[in-house]
Structures are given as C-alpha cells and as structure tokens.
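Beneath this line is the structure, given in structure tokens, with notes to follow.
Derivation of every value follows stated rules applied to the coordinates shown; laboratory data play no part. All of these numbers come straight from a predicted model, not from anything done at the bench. Backbone-built Cβ (ideal geometry, glycine too); neighbour counts: all protein chains shown.
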Amino acid sequence: MNFFKKLKDSLKKTSENFTKGIGQIFDKSKPNVETLKDLEEFLIKSDVGVKFVNDFSKKIAEKKYLKQELTKENFLKIISNEIKNILKPVEKNFFFEPITKPYVILICGVNGVGKTTTIGKLCKKLKKNNKKIIVGAADTFRAAAIDQLELWCKKVDVEIIKSPLGSDPASVAYKTFETAKNNQFDYCIIDTAGRMQNKKNLMEEFSKIIRVLKKIDINTPHETILVLDATTGQNAINQIDEFRKITPITGIIMTKLDGTAKGGILIAIAHQFKIPIYAIGVGEKEDDLDNFVADEFLEAFIKN
C-alpha cells in the first residue's frame, strides 16, 4: 500500500465528519447569515483553528454570496482553495541531500508524542537514500527512551551513541556530533527530553546542548524539528508556543494522524505559525511516515 492510500485511509473519519457536517448545515433552509454562523461553529469544532476560521469567514462575508450561490459544492471548493494556499507554502521535503555533512538535527517534543518512533522511521527513510546516520540518545532521564531508541537503531541498522541513565544530555550530543564529524556521517540526529512540566530545566538542557554543538560548529544545529501528536488537537498549538520559547523551530513532524477524527489541527498550525511541515505519520510501522504533500493531504481531508 502506498503512503497516499494510507493517508486517505487514516483521514477517512476526519474527511467524512468534515464533509458530512458541512452538508448537514447546507441541507437546512436558513438565511445566509445563520448559515455562516453555523459553518464557523462547525469549523472551530473541526480543529482548523479560530484564526483560520475568522480570516476565512471575513473573506466569505466580503464576497456577499446570494443564498443560491453559496452551496455546499461552492463552499467546499472555496475552502479547499483557501486551505491549499495555507498548506502549499509550508510543504518542504525533509529527505533531501544535506547541504553540509554531518547535518545536525535536534528532535524535540513532549513525552508521548512518538519522538523515538519518528526518529526510527526517519532513519529508515534516510537509509533508503543511502545516507550514513548516527543517533544520539540525549533523552537521558528516561531508561525507556534510551532502550526504545536503541531497539529502533538496531532494527534499521544505524549507529547510536548513548550514556548511562541520568548522564548529561549535552555530553551525549557532543559525543554524537564528534563521532559523526570524524567518521563522515551524513546525518547526526539527536533525541532530546520533553518534560514540559519543568520548563526551566528543559530550557537549560536545550541551551546547553546547543552551546556544546556550536563549540564544534557555530552553524549547528542545522535543524530543530518538533514532533507533534495530532490526537492532542489544540494542545499542539500550546506545545509549539512553549518550545519556541526554548529554541527556534525549523520544522514540524505530525504523528498519529490515523488516531484522530480531527486532522484539521495541521491546518491550524500551518496558518498560525507558517513553520515548514516536513513529514506526517499515519501508523506504527516503519514505512508509516513520509513527506508532507499539501495536495495529497487536502485530497484526503476533504471528500468531494
């Protein structure tokens, strides 16, 4: 099964809920103003974001559609174009030829979003492109995180640098980058802790990791990618806000799109933050992660 088919299957519930909900609003005989109010309320419940809904509603209102003009078909066409205009600019291919080697990537995200699994999937994808990868287990405060990352690295046959539980995360990052640089690795991927309940410590850890990396190369890290769980809905917005206080985010990977009926959160994030979306995940298997493609997501999201 190709990835687009998996994406369509994963977003089937989201797509059916979205299209059916809009259809039910248009099936009712109401004046235009009431129709728009119902549509606004429905869109907000669909997790596409209050900011997107407000901006979109203004555009609809400004066009002053007659009742016979604002049909379900027209509305779906209009909103599809609007979403496409939001998603296209944030579509960015992650699986590229690195500009510099080793290309250093920090992976961050709160515990439970699927960071470790995502790193494993990324490694497999990059290995398919004949890239040499090393992974640093810098989430040193959870034994499970280190063990799971090691299992993934063995599974996809990439090297891992780890230290005993409770070690300094920055020292793991330093060792990983040094090894990558001295042994001609293409990618150096560093896992990091995600304990948002203690933001002060997390901020200090991130700052220290970045400082020690810059001692080796002032231009690192080349990427800081935030992993988000689609099932958390609007909470994903809060996570972006919190992590951006700690470090600039260069890209997003959205996981667990197969586990939610409200995949619209990706649209809300793209509209509000305009951060590149590198990849999306639709399951637990090794190949259930691929590049984010705006047209494919839109086709899977809106069932015409």
Short to long, in 5 Å steps from zero, the percent of alpha-carbon pairs of segment 111-240 per bin is 2, 11, 20, 24, 22, 14, 6, 1, 0
Heads up, segment 143-217 by the C-alpha gyration tensor (a ≥ b ≥ c square roots of eigenvalues; a/c under 1.5 rounded, else a/b over b/c prolate, else oblate) looks oblate
Most exposed first, judged by fewest Cβ atoms within 10 angstrom, VAL172, VAL156, VAL48 run VAL156, VAL172, VAL48
Sequence order, segment 144-159: Karplus ³J(HN,Hα) from phi using 6.51 cos²θ - 1.76 cosθ + 1.60, θ = phi - 60°, Hz rounded, Gly and Pro as x, gives 4, 5, 5, 4, 5, 5, 5, 4, 5, 4, 5, 4, 9, 6, 10, 7
Going residue by residue through segment 164-177, the Karplus relation 6.51 cos²θ - 1.76 cosθ + 1.60 with θ = phi - 60° gives ³J(HN,Hα) values, rounded to whole Hz and with x marking Gly or Pro, of x, 3, x, 5, 5, x, 5, 5, 5, 4, 4, 4, 5, 5
Correct response: the longest run of the chain lacking exposed GluC sites (Glu not before Pro), defined by DSSP loop and at most 15 other Cβ within 10 Å, is 70-283
XL table LYS12/LYS262; LYS51/LYS199; LYS181/LYS274; LYS92/LYS121; LYS58/LYS274; LYS101/LYS132; Cα-Cα > 22 Å flagged, in table order, is LYS51/LYS199; LYS181/LYS274
Under the helix-only model (-39500 (n - 2.57) for each DSSP H run of 4 or more, divided by the residues of the chain), the mean residue ellipticity at 222 nm, to 500 deg cm²/dmol, is -16500 deg cm²/dmol
From the Cα centre of segment 249-265 to that of segment 39-62, the distance in Å is 19 Å
Whole-Å distance linking the alpha carbon centroid of segment 185-229 with that of segment 269-304 is 24 Å
With +1 on the Cβ of every Lys and Arg and -1 on the Cβ of every Asp and Glu, the dipole magnitude of the chain about its Cα centre, in debye rounded to the nearest 20, is 240 debye
Expected vector for segment 239-249, Karplus 3J(HN,Hα) from phi with 6.51, -1.76, 1.60 and θ = phi - 60°, integer Hz, x for Gly and Pro, equals 5, 4, 4, 5, 5, 5, 6, 8, 7, x, 9
Quick calc, segment 81-153, dipole around Cα centre from Cβ unit charges on Lys, Arg (+) and Asp, Glu (-), nearest 20 debye, gives 340 debye
Two pseudo-spin positions, 7 Å from Cα along C-beta at LYS274 and at ASN129, lie apart in nanometres by 2.6 nm
The long-range amide H neighbours of ILE160, using H built 1.01 Å from N in the peptide plane and a cut-off of under 5 Å, are VAL135
Counting only DSSP beta bridges with both partners in the chain, the antiparallel fraction in percent, to the nearest 5, comes to 10 percent
The chain: relative contact order from alpha carbon pairs under 8 Å, six or more residues apart, as a whole percent, is 29 percent
